[in-house]
Amino acid sequence: MNRRLCIAIVASALLAVAGCTPEPTAEEQIWQQIKLADLAARGDDAPARAEFLATVRMSVRAVDLPAESIEKLDEVWELLSIKPIRVNSYSAFSENHFRVRFGRVEMWQPIEELLAEAGGQEAATTSLVLNDNDTSDLPVAELGDRQVVSFVGARLSSQRVELGPGLLVLRLRPEPIPWSRGVRKIIAYPTFTLPLRSAIGPIESKVRQREFYFAPAAFATQMGPGDLVVLGPDEYTGERTTLGGLFFCHPEGTMFFRPGAGKPPARKAFVRIFVLVCTAITRD
């Protein structure tokens, strides 16, 4: 029941477009295509649909930035656009200290230079293969014990949920756009899940029943090869008890070293930024 309720909240919120127009534009219709079950992987008993399915390939860079340089991120956000992004509630998204922007891969070099000037360093690069109408998880944080996680709901109410042990991931789901063959609608939403050690259907089903979707931090955008999305925090909170803190903040710190800066390596608290690049969309 909790899973179905969370899915309904996320899907219905992503359907909303500010204002009323008698004839939605083609861009607005993209978001009206989102169905109730869009955020769950299709089960084996789901009816087949006549579609030309595709595979979306993504490269995800994780960049660590010293917390003391968080204000430098403003220059990165200014290079990118908010217009192609849809979220459940812009106020709730911001209150959870999430920020997301859209751009093209050509912008990566100036973004990388800005992050390097601020002391940022690449932590990891991950390749993801996303199948149409299915989900893939990008691991973000591990919860070793049960803990209470606070977040801001869609109506800006303070909410708490007890989770763990398990994983906090960014779940990604591509959807076909009927009139656009070379792009996909990408739905992304933070999710608490359990490590899935078996591909057996009944076990996977039980795992998904224990998942928790953070609907107020979900977002969606249309992407094609060469498009990128930058996801990061709007500030450093210095804690690991809120959704934003767990997702981005690392008060335990890591070693930072800038060759040629004339300073020894130093351990600093940091925030992690995620750069998602669509590298290809291929037909099955």
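The values are calculated or read from the model by the stated rules, or taken from the named source; none is laboratory data. The structure presented is a predicted model; accordingly, all values stated were derived computationally and were not measured. Cβ coordinates were reconstructed from backbone atoms using ideal geometry, including for glycine residues, and neighbour counts include every protein chain displayed.
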Which of the numbered conditions does residue 262 fail, given that it passes all the others? Conditions: (1) crowded, with 22+ Cβ neighbours inside 10 Å; (2) more than 23 Å from the chain's Cα centre (by Cα); (3) small (Gly, Ala, Ser). (1)
Where in the range 71-156 are there helices (runs of 4 or more DSSP H), lying fully within it, with 1 or more residues that are of a type in the set (S, T, N, Q) and closer than 24 Å to residue 168 by Cβ? 90-95
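To keep it simple, each residue is scored yes or no on (1) at pLDDT 95 or above; (2) aromatic (Phe, Trp, Tyr); (3) part of a helix (DSSP H, G or I).
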site: 187; (1), (2), (3): yes, no, no
site: 192; (1), (2), (3): yes, yes, no
site: 199; (1), (2), (3): no, no, no
site: 203; (1), (2), (3): no, no, yes
site: 220; (1), (2), (3): yes, no, no
site: 225; (1), (2), (3): yes, no, no
site: 229; (1), (2), (3): yes, no, no
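Can you tell me which of 164, 182 is within 19 Å of residue 223 (Cβ to Cβ) and modelled with pLDDT under 95? Steps first, please.
Working: 164 fails: within 19 Å of residue 223 (Cβ to Cβ).
Residue meeting the stated conditions: 182.
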Determine if the range 259-270 includes at least one residue that is within 20 Å of residue 169 (Cα to Cα) and touching a residue at least 12 places away in the same chain (Cβ under 8 Å). yes
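When the range 237-253 is examined, which residues are found to be surrounded by 16 or more Cβ atoms within 10 Å (Cβ to Cβ) and among the β-branched types (Val, Ile, Thr)? Even if it seems obvious, please write down each step before you answer.
The first filter runs over the range 237-253 and keeps only residues surrounded by 16 or more Cβ atoms within 10 Å (Cβ to Cβ), leaving 237, 240, 242-250.
Residues satisfying the conditions are 237, 242.
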Does the range 68-81 include one or more residues that are at pLDDT 95 or above, surrounded by fewer than 15 Cβ atoms within 10 Å (Cβ to Cβ) and not charged (D, E, K, R)? yes
